[in-house]
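Here's the structure we're looking at; comments come further down.
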Amino acid sequence: MNRTLRILIAGGLFGLLVLVRAFGTEIFYDPFIHYFKNDYLDTSIPDYNSLKLWVSIFFRYALNTVISLAIIYVAFQKKGLVRFSLKFYIAAFVVLGIFYFVLLQFEMINGHLFAFYVRRFLIHPIFVLILLPAFYYQKKLVRAR
């Protein structure tokens with residue numbers, strides 16, 4: 001695959017991530033979107049359906065992960081990096097998912113900011129913005145040797 005085609009495909013995949021973000025409020029159940037947009041420090045957490053929230057976050061994370069893995073593959077064309085990234089995404093979801101739902105069960109007693117950022121890592125494709133430069137840097141280091 002030539003460089004121009006790879007750039008176009010990666011740009012299209014980033015466009016898909018933008019669409020997931022843009023239409024996330026209509027597609028996925030998340031009562032905390034409006035909660036964190038408003039004055040959340042003075043109000044109690046909204047009522048929510050735990051199962052529905054868990055399923056919604058899982059599907060949103062899975063959709064972002066599939067698109068992110070495709071971006072990583074198009075950028076580097078190495079299945080080993082995609083396998084590593086998939087393991088990383090799974091481990092991150094397990095750890096962050098447990099943290100998030102424990103925080104919700106205890107009604108964010110230790111503060112709202114931690115829950116806000118854990119939720120952000122779960123519903124936004126932040127990891128691809130971390131992994132792409134890391135893999136690029138690793139690639140440059142290997143070439144320099």
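The values are calculated or read from the model by the stated rules, or taken from the named source; none is laboratory data. Just so it is clear, the structure is predicted and the values come from calculations on it, not from any experiment. Quick reminder, even Gly has a Cβ in these numbers, built from the backbone with ideal geometry, and neighbours come from all protein chains shown.
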Review point. Do we find a residue being more than 18 Å from I67 (Cβ to Cβ), of a type in the set (A, V, I, L, M, F, W, C), surrounded by 12 or more Cβ atoms within 10 Å (Cβ to Cβ) and touching a residue at least 60 places away in the same chain (Cβ under 8 Å) anywhere in region 96-108?
Key: yes
Point to revise | Residue selected from region 123-145 under the condition among the aromatic types (F, W, Y) and surrounded by 14 or more Cβ atoms within 10 Å (Cβ to Cβ), by the criterion farthest from I7 (Cα to Cα) | key: F127
Practice item. State which residue pairs qualify: first residue farther than 20 Å from N64 by Cβ and inside region 20-39, second residue in a helix (DSSP H, G or I) and at pLDDT 75 or above in any location, beta carbons under 9 Å apart, and separation of 6 or more residues or different chains. Key: H34/T25
Point to revise | I90 vs. criteria among the aliphatic types (A, V, I, L, M) and touching an Asp or Glu at 6+ places or on another chain (Cβ under 8 Å) | key: no
Review point. Being touching a His at 6+ places or on another chain (Cβ under 8 Å), surrounded by 18 or more Cβ atoms within 10 Å (Cβ to Cβ) and at pLDDT 95 or above, is that true of even one residue in region 60-81?
Key: yes
Check your understanding: Which residues, taken from region 111-123, are out of contact with any Leu (no Cβ under 9 Å at 6 or more places or on another chain), within 20 Å of I67 (Cα to Cα) and of a type outside the set (A, V, I, L, M, F, W, C)?
Key -> R120
Study note, to complete from the structure: The residue from Y89, Y73 that alone is hydroxyl-bearing (S, T, Y), out of contact with any strand residue (DSSP E or B) (no Cβ under 8 Å at 6 or more places or on another chain) and free of Cβ contacts under 8 Å to residues at least 24 places away in the same chain is Y73
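Please verify whether S50 is in contact (Cβ under 8 Å) with a residue 40 or more places away in the chain and touching a Pro at 6+ places or on another chain (Cβ under 8 Å), treating the condition exactly as stated. Break it down stepwise before answering.
Numbers: in contact (Cβ under 8 Å) with a residue 40 or more places away in the chain: yes; touching a Pro at 6+ places or on another chain (Cβ under 8 Å): no.
No: the conditions fail for S50.
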Study note, to complete from the structure: Across region 19-52, the tally of residues that are under 27 Å from L104 (Cα atoms), under 22 Å from the mean Cα position of the chain (by Cα) and at pLDDT 75 or above stands at 19
